[in-house]
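The values are calculated or read from the model by the stated rules, or taken from the named source; none is laboratory data. Just so it is clear, the structure is predicted and the values come from calculations on it, not from any experiment. Every residue, glycine among them, receives a Cβ derived from its backbone with ideal geometry; neighbour counts consider all protein chains shown.
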Amino acid sequence: MTSGPMPAELPELLRQHLQAAVDEMEREIRDQVPEYAGDDGGEYAKRVERTVADTVAFFVDSVDHPNADARQLTELYMRLGEEEARQGRSLGALQNAMRVSSQVACRRFIKDAYRLGWSRETLSRLTDSLFMLLARVADAAAQGYARQQGQLATERERRRERLRDLLVAEPPPAPEAIAELAVAAR
């Protein structure tokens, strides 16, 4: 990867098309990631849109300020990973959404590079920056997912221990209590 600052006008050029990029990414995610297809206009769709908007805005800001603090963004993706684990899903849908968004970004970068006469170096550095950010947020999502999976496994183990203790208790508990705890221990 090459180093040095990006062309000074680049962040402003990207900002001019920020909302259009967010809209296109959101549409592509709904079209290509079945888990995120429903709830058009509902709370889940708004959360996807906010996540895409926050990520794109951070990316453009990081072009202007390469040392921008990504803590808020990585915390967001950690929470997204945790939520996927809580919902009993794999990280596949979230990773697919990130892949789809990065494909949209690359297509837009290439189109703008031709239209605006960007150098190959500028295009290369821009896409390198995109993929570094993608790796960072994917790692954060995986960390959140793993942390939540560990917590869920610990909770499940505690419920199973309570069920075991209940099954050998004297006097025997009511069947309803056993059934309720058995469902929770799955």
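A few comments on the model shown:
- Arg147, sole failed condition from (1) at pLDDT 85 or above; (2) among the charged types (D, E, K, R); (3) in a loop (DSSP other than H, G, I, E, B): (3)
- Among the residues making up region 78-107, those that are farther than 14 Å from Leu134 by Cβ, at pLDDT 95 or above and either basic (Lys, Arg) or not in a helix (DSSP H, G or I) (or both) are Arg79, Arg107.
- Given (1) at pLDDT 85 or above; (2) touching a Pro at 6+ places or on another chain (Cβ under 7 Å), number of the condition Ala141 does not satisfy: (2)
- Residue identified as within 20 Å of Ala135 (Cα to Cα), outside any loop (DSSP other than H, G, I, E, B) and either charged (D, E, K, R) or at pLDDT below 95 (or both) among Glu75, Glu24: Glu75
- Leu130 being touching a Cys at 6+ places or on another chain (Cβ under 8 Å), closer than 29 Å to Asp31 by Cβ and assigned to a helix (DSSP H, G or I): yes
- Of the residues making up region 92-118, those that are over 19 Å from His17 (Cβ atoms) and out of contact with any Gly (no Cβ under 9 Å at 6 or more places or on another chain) are Gly92, Ala93, Gln95, Asn96, Ala97, Met98, Arg99.
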